[in-house]
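S.K.: Have a look at this one before I ask anything.
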Amino acid sequence: MTPNATSMMRPDALKDRVIVITGGGTGLGRSMTERFLHLGARVCITSRKQDVLEAAAKELADATGGQVLPVVCDVRDHGQVEQLLAKVVERYGQVDSLVNNAAGNFISPTERLSHKAFQTIIDIVLMGTVNCTLVFGKHWIAHPAEGRTMLNITTTYAWTGSGYVVPSACAKAGVLALTRSLAVEWARHGIRTNAIAPGPFPTKGAWDRLLPGDLVERFDMRKRIPLGRLGEHPELADLATYLISPFSGFINGEVVTIDGGEWLKGGGEFNMLDAVSTEQWDMLERMVRGTRR
Ligand code: HXC
Ligand code: NAP
């Protein structure tokens, strides 16, 4: 996202909010962080790589004038997540929103996966989200306040499933179930829980692992998308802003798809008829109407 990219949001949309975003130093997490900072939030970014986090924090603070706290935390380790919470509270005195964005994924035929490979993805995506949700959720319940929000980044194959990314599909389906379950259970604690299901948004992390080598040309993702293009980071950042902000105060338990219509196109049995030209339709219509005689 470019630093001066415009947002539909008012400049104080996130004023004084403290937001923790896992995987906030790269890709979509970084783009969301940049938007949150532009709109007045203080943000803690976490992942496993200190150098990446510190560089991102400095660049984002310089670009936006906002406050960014980089904290190394492997979301698979519940103890590290507890330390993360302690560091955020020590620095900012509060936490208002948690964005569970960290993920691990790669393409592979499922029969080629070791038990450890499957477990690794489940541990990062599902258990990482669970660990953060439990630690921050328990803290919020013990220290009641208004306006707490959780936002989970899932994906559209959470409900369709997908071959060749099966551990990720299983884990993201779990994240979706967690989202909808806690939206009901924790609403009485003033916690809203929502999710975003993105279609393809170019990031180095995803593209290196999901479209390596010539796959990026062989399987042009744009052809799968009715709108004929990939997602743009500011579009997702604005949606995330809305869902964690008080402006979406009556939205709870929702998963918002932002994929240009990709998954519906994949689901509709006759969507391949996109390929038929107008002249062919004229001929086909005559043939089909002709069957009445
Ligand atoms: C088969 C593989 C493999 C591969 C790793 N493994 N890569 N198996 N094919 N390509 C196996 C290893 O051999 C090992 O099993 C086990 O997985 C763990 O591997 P490690 O390298 O030790 O794990 P770790 O260092 O924790 O790294 C995790 C990782 C890595 C997921 C493998 O890619 C990573 O750090 N990813 C983080 C960022 C990321 O994935 N971003 C993309 C998100 S995109 P054995 O049995 O050998 O010990 C996304 C988009 C979804 O989610 C939707 C798109 C439209
Ligand atoms: P990305 O840049 O690779 O983001 C993943 C982040 O997770 C990285 O910052 C990574 O940092 C962090 N991470 C991985 N394992 C971790 C762990 N154990 N503990 C803490 N942090 C960890 O890829 P992205 O495309 O921006 O993905 C962001 C989110 O969007 C993910 O949830 C992904 O599933 C979702 N999504 C992306 C797309 C897309 O097209 N890009 C589509 C659908 C959904 P470290 O490796 O340094 O720890």
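S.K.: Quick one: would you say H189 is of a type outside the set (A, V, I, L, M, F, W, C), at pLDDT 95 or above and more than 10 Å from ligand 2 (Cβ to nearest atom)?
M.R.: Numbers: of a type outside the set (A, V, I, L, M, F, W, C): yes; at pLDDT 95 or above: yes; more than 10 Å from ligand 2 (Cβ to nearest atom): yes.
For H189, the condition - of a type outside the set (A, V, I, L, M, F, W, C), at pLDDT 95 or above and more than 10 Å from ligand 2 (Cβ to nearest atom) - is met.
S.K.: Let me ask another. So which residues in region 235-255 are of a type outside the set (S, T, Y) and open to solvent by 40 Å² or more (accessible area, probe 1.4 Å), if there are any at all? Break it down into steps so the answer makes sense when it comes.
M.R.: Step one: filter region 235-255 for residues of a type outside the set (S, T, Y), giving 235-240, 243-244, 246-247, 249-255.
E235, P246, F247, G249, F250, I251, N252, E254 - these are the residues of region 235-255 that are of a type outside the set (S, T, Y) and open to solvent by 40 Å² or more (accessible area, probe 1.4 Å).
S.K.: Being part of a helix (DSSP H, G or I), out of contact with any Pro (no Cβ under 7 Å at 6 or more places or on another chain) and at pLDDT 95 or above narrows it down to one of L151, L176, so name that one.
M.R.: Values: L151 fails: part of a helix (DSSP H, G or I).
Just a single option satisfies the conditions, and that option is L176.
S.K.: Can I ask one more? Would region 232-247 turn up any residue that is touching a Ser or Thr at 6+ places or on another chain (Cβ under 6 Å), touching a residue at least 40 places away in the same chain (Cβ under 8 Å) and aromatic (F, W, Y)?
M.R.: Yes, region 232-247 contains a residue that is touching a Ser or Thr at 6+ places or on another chain (Cβ under 6 Å), touching a residue at least 40 places away in the same chain (Cβ under 8 Å) and aromatic (F, W, Y).
S.K.: Determine which member of the set G27, G23 is farther than 21 Å from N131 by Cα, of a type outside the set (D, E, K, R) and within 12 Å of ligand 2 (Cβ to nearest atom).
M.R.: Numbers: G23 fails: farther than 21 Å from N131 by Cα.
Criteria check complete, one pass: G27.
S.K.: Could you tell me which numbered condition G205 fails, if it satisfies all but one of (1) within 30 Å of F247 (Cβ to Cβ); (2) open to solvent by 50 Å² or more (accessible area, probe 1.4 Å); (3) assigned to a helix (DSSP H, G or I)?
M.R.: It is condition (2) that G205 fails.
S.K.: Condition check: within 10 Å of ligand 1 (Cβ to nearest atom), open to solvent by 40 Å² or more (accessible area, probe 1.4 Å) and either under 14 Å from I258 (Cα atoms) or not hydroxyl-bearing (S, T, Y) (or both). Does K223 satisfy that?
M.R.: Details: within 10 Å of ligand 1 (Cβ to nearest atom): no; open to solvent by 40 Å² or more (accessible area, probe 1.4 Å): yes; either under 14 Å from I258 (Cα atoms) or not hydroxyl-bearing (S, T, Y) (or both): yes.
Considered against the rule, which asks whether it is within 10 Å of ligand 1 (Cβ to nearest atom), open to solvent by 40 Å² or more (accessible area, probe 1.4 Å) and either under 14 Å from I258 (Cα atoms) or not hydroxyl-bearing (S, T, Y) (or both), K223 comes out as no.
S.K.: Right, next: Restricting attention to region 192-215, report how many residues are touching a helix residue (DSSP H, G or I) at 6+ places or on another chain (Cβ under 8 Å) and near ligand 2 (Cβ under 9 Å from one of its atoms). Even if it seems obvious, please write down each step before you answer.
M.R.: The initial filter retains those residues of region 192-215 that are touching a helix residue (DSSP H, G or I) at 6+ places or on another chain (Cβ under 8 Å), namely 192-201, 203-207, 211.
This time we only want the ones that are near ligand 2 (Cβ under 9 Å from one of its atoms), so: 196-201, 203-207.
Within region 192-215, residues that are touching a helix residue (DSSP H, G or I) at 6+ places or on another chain (Cβ under 8 Å) and near ligand 2 (Cβ under 9 Å from one of its atoms) number 11.
S.K.: Quick one: what pairs do we get from region 167-188, first residue touching a residue at least 12 places away in the same chain (Cβ under 8 Å) and among the polar types (S, T, N, Q), second more than 16 Å from ligand 1 (Cβ to nearest atom) and part of a helix (DSSP H, G or I), C-beta under 8 Å, 6+ apart or different chains?
M.R.: Final answer for the pair search is none.
S.K.: May I pose another question? When you scan region 51-66, do you find a residue that is near ligand 2 (Cβ under 8 Å from one of its atoms) and within 28 Å of G174 (Cβ to Cβ), even just one?
M.R.: First, the residues of region 51-66 that are near ligand 2 (Cβ under 8 Å from one of its atoms): 52-53.
Then keep just the ones that are within 28 Å of G174 (Cβ to Cβ); that gives 52-53.
Yes, there is a match, as at least one residue in region 51-66 is near ligand 2 (Cβ under 8 Å from one of its atoms) and within 28 Å of G174 (Cβ to Cβ).
S.K.: State which residue pairs qualify: first residue within 25 Å of V81 (Cα to Cα) and inside region 108-125, second residue in a helix (DSSP H, G or I) and of a type in the set (V, I, T) in any location, beta carbons under 8 Å apart, and separation of 6 or more residues or different chains.
M.R.: Listed by first residue and then by second, the contacts come to F118/V166; V125/V175.
S.K.: Quickly run through region 7-32 and pick out the residues that are within 16 Å of ligand 1 (Cβ to nearest atom), of a type in the set (S, T, Y) and either modelled with pLDDT under 95 or assigned to a helix (DSSP H, G or I) (or both). Break it down stepwise before answering.
M.R.: Within region 7-32, the subset within 16 Å of ligand 1 (Cβ to nearest atom) is 21-32.
This time we only want the ones that are of a type in the set (S, T, Y), so: 22, 26, 31.
Result: S31, single match.
S.K.: Tell me, please, whether a residue that is part of a loop (DSSP other than H, G, I, E, B), within 22 Å of the chain's Cα centre (by Cα) and under 30 Å from T6 (Cβ atoms) can be found in region 79-95. Steps first, please.
M.R.: The initial filter retains those residues of region 79-95 that are part of a loop (DSSP other than H, G, I, E, B), namely 93-95.
Imposing the further condition that a residue be within 22 Å of the chain's Cα centre (by Cα) reduces the set to 95.
Now drop any that are not under 30 Å from T6 (Cβ atoms), which leaves 95.
Yes, there is a match, as at least one residue in region 79-95 is part of a loop (DSSP other than H, G, I, E, B), within 22 Å of the chain's Cα centre (by Cα) and under 30 Å from T6 (Cβ atoms).
S.K.: Inside region 187-221, can you point out the residues that are closer than 25 Å to I21 by Cβ and among the β-branched types (V, I, T)?
M.R.: Those that are closer than 25 Å to I21 by Cβ and among the β-branched types (V, I, T): I191, T193, I196, T203.
The rows are residues; the columns are (1) open to solvent by 20 Å² or more (accessible area, probe 1.4 Å); (2) within 15 Å of ligand 1 (Cβ to nearest atom); (3) not aliphatic (A, V, I, L, M).
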site	(1), (2), (3)
C73	no, yes, yes
Q80	yes, yes, yes
Q83	yes, no, yes
R91	yes, no, yes
N101	yes, yes, yes
I107	yes, yes, no
T110	yes, yes, yes
L113	yes, yes, no
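S.K.: Among V18, V71, which is within 21 Å of V130 (Cα to Cα), more than 16 Å from ligand 2 (Cβ to nearest atom) and touching a helix residue (DSSP H, G or I) at 6+ places or on another chain (Cβ under 7 Å)? Steps first, please.
M.R.: Details: V71 fails: more than 16 Å from ligand 2 (Cβ to nearest atom).
Selected residue: V18, the only one of V18, V71 that is within 21 Å of V130 (Cα to Cα), more than 16 Å from ligand 2 (Cβ to nearest atom) and touching a helix residue (DSSP H, G or I) at 6+ places or on another chain (Cβ under 7 Å).
S.K.: Say whether the condition of being out of contact with any helix residue (DSSP H, G or I) (no Cβ under 9 Å at 6 or more places or on another chain) and open to solvent by less than 50 Å² (accessible area, probe 1.4 Å) is met by at least one residue in region 139-162.
M.R.: Yes - at least one qualifying residue is present in region 139-162.
The values are calculated or read from the model by the stated rules, or taken from the named source; none is laboratory data. Note that this is a predicted model, so its numbers are computed, not measured. Cβ atoms come from the backbone with ideal geometry, glycine included; neighbour counts cover every protein chain shown. Please note that ligands, DNA and RNA were not included when accessible areas were found on the heavy atoms of the full protein model with its side chains. Shrake-Rupley method; radii C 1.70, N 1.55, O 1.52, S 1.80 Å.
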